[in-house]
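Asks: Input: one structure, supplied below.
The values are calculated or read from the model by the stated rules, or taken from the named source; none is laboratory data. All of these numbers come straight from a predicted model, not from anything done at the bench. Cβ sites come from the backbone with ideal geometry, for glycine too, and all protein chains shown count toward neighbours. The area values use the complete protein model at the heavy-atom level, side chains included, leaving out ligands, DNA and RNA. Shrake-Rupley method; radii C 1.70, N 1.55, O 1.52, S 1.80 Å.
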Amino acid sequence: MKWIVSSDPRIFVNRAHMSARLQYIQSVTDAPVTDWMITRKNSAFPKSLFCCMTNDELNGTFITAHIGEVQRLCSVHEIAMSDFVIANTCIWEKSSNKQILYYMMNINKKAVLWFSKQTLSLEENYNLRQSTLLSNVGTFGFNTSLSERLLFSNRHKGFMKAVSFAFDKVSPIILPQDYDSIIM
């Protein structure tokens, strides 16, 4: 399985945090983990990304990045062809999670996308946004989302079962709650 982390300073803080993240990955997968590799910048990805692999025989990708980076990564053929993608990111704009799934399904009709659990947050300009609200809760050594903490606490159930408790599976069907509609 591939694990990708943004190099943005709000996500990548320092080497100690990245080392702690490797330990976290090993704990939740119970599999050997490679060291971090750094991707090169290019026109599609103006910031470097950190990537490691787990030797767990899962064909998936776990991405911790900002929503724009997740959108670009999920349009990459190799990632879209994964059996599943887990996006540890803020939805930020309504239905951006569904848009990403649609991009992936254009490449892979069987694409499965999981998104981190969201909460409403009030931004500086008084806009309400759906956010993961990263915080330094627990003894992980880096800021974690609620979904990362739930994944860790359910890890003994097996990785994919823990994912189903910790992340929300994105449905390709547009439901009334996707439009803030009231069902009568």
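Asks: Net charge near residue 150: determine it from the other residues with C-beta under 13 Å of the C-beta of residue 150, scoring Lys and Arg +1 and Asp and Glu -1.
Replies: Values: positive: 117, 149, 155, 157, 161; negative: 148, 168.
With Lys, Arg at +1 and Asp, Glu at -1, the net is +3.
Asks: Nearest 0.05, what FRET efficiency do residue 23 and residue 76 give at R0 = 35 Å with Cβ-Cβ as r?
Replies: On the way: r = 27 Å, r/R0 = 0.78.
Given R0 = 35 Å and the Cβ-Cβ separation, E is 0.80.
Asks: Report the net charge of residues surrounding residue 6, where surrounding means a beta-carbon distance below 10 angstrom and charges are Lys +1, Arg +1, Asp -1, Glu -1.
Replies: On the way: positive: 10, 47; negative: 8, 69.
Neighbour charge sum, excluding residue 6 itself: 0.
Asks: Using a/c under 1.5 as the rounded threshold, could you call region 1-56 rounded, prolate or oblate? The axes a ≥ b ≥ c are square roots of the C-alpha gyration tensor eigenvalues, and prolate needs a/b larger than b/c, oblate otherwise. Walk me through the numbers on the way to the answer.
Replies: Details: a/c = 2.80, a/b = 1.56, b/c = 1.79.
Oblate is the answer for region 1-56, as a/c is 1.5 or above yet b/c matches or exceeds a/b.
Asks: Skipping prolines and chain starts, which residues have an amide H placed within reach, meaning under 5 Å, of the one on residue 12, given they are 5 or more residues away or on another chain?
Replies: Correct list: empty.
Asks: Hand me the GluC sites (Glu not before Pro) from region 32-101 located in a DSSP loop with no more than 13 other Cβ atoms within 10 Å, in residue order please.
Replies: Numbers: sites: 57, 69, 78, 93; in loops: 57, 93.
Loop-located and lightly packed - 57, 93.
Asks: Here's something else I'd like to know. Are there trypsin sites (Lys or Arg not before Pro) in region 1-46 that DSSP marks as loop and that have at most 10 other Cβ atoms within 10 Å, and which are they? Please report the intermediate quantities before stating the final value.
Replies: Details: sites: 2, 10, 15, 21, 40, 41; in loops: 10, 40, 41.
Qualifying residues, ordered by number: 10, 40.
Asks: From largest accessible area down, sort 38, 100; use a 1.4 Å probe on the protein chains. Can you show the working numbers first?
Replies: Numbers: 38 110, 100 0 Å².
Most to least solvent-accessible, the answer reads 38, 100.
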